[in-house]
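Below: one structure, written as C-alpha cells.
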C-alpha cells in the first residue's frame, strides 16, 4: 500500500508510511477495523481483502491506549494539574 500511495501522489515511501501510520492511530480508523470484515480502498470501495485478526488486535490496543490517555488527562484536570 505504501508503494502504491507513494507512486500515485509523488510522495516518498517514507512520507507515505508516516501518513499511513498517523491515520492508523486515529480512533475512527480503529473503530472501522473492528466494525467491518473487509477493507476499503482509497476510492471508498469495499475490497476482497479481509481485515486480519492481527489488525483487529492492533486496533484494540490503540483504542485502549487512547482511552487510558484520555482518562489520565481527565484525572489530572480534576486534580488541578495538566499533563
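Contact map, the stretch 8-25: residues that are farther than 29 Å from residue 63 by Cα paired with residues that are modelled with pLDDT under 95 and exposed (fewer than 11 other Cβ atoms within 10 Å of the Cβ), Cβ distance under 9 Å, separation 6+ or inter-chain. Pairs shown: 8/42.
For residues in the stretch 35-54 being out of contact with any strand residue (DSSP E or B) (no Cβ under 8 Å at 6 or more places or on another chain) and surrounded by fewer than 10 Cβ atoms within 10 Å (Cβ to Cβ), which is nearest to residue 23 (Cα to Cα)? Here the residue is 42. For residue 21, the conditions (1) modelled with pLDDT under 90; (2) under 17 Å from the mean Cα position of the chain (by Cα); (3) part of a helix (DSSP H, G or I) are fulfilled apart from (1). Hey, any hits in the stretch 9-18 for a residue that's surrounded by 11 or more Cβ atoms within 10 Å (Cβ to Cβ), modelled with pLDDT of 90 or more, over 18 Å from the mean Cα position of the chain (by Cα) and not in a helix (DSSP H, G or I)? Checked against the condition, which is being surrounded by 11 or more Cβ atoms within 10 Å (Cβ to Cβ), modelled with pLDDT of 90 or more, over 18 Å from the mean Cα position of the chain (by Cα) and not in a helix (DSSP H, G or I), the stretch 9-18 yields at least one hit.
The values are calculated or read from the model by the stated rules, or taken from the named source; none is laboratory data. Because the structure is predicted, anything quoted here is derived from the model rather than measured. Cβ coordinates were reconstructed from backbone atoms using ideal geometry, including for glycine residues, and neighbour counts include every protein chain displayed.
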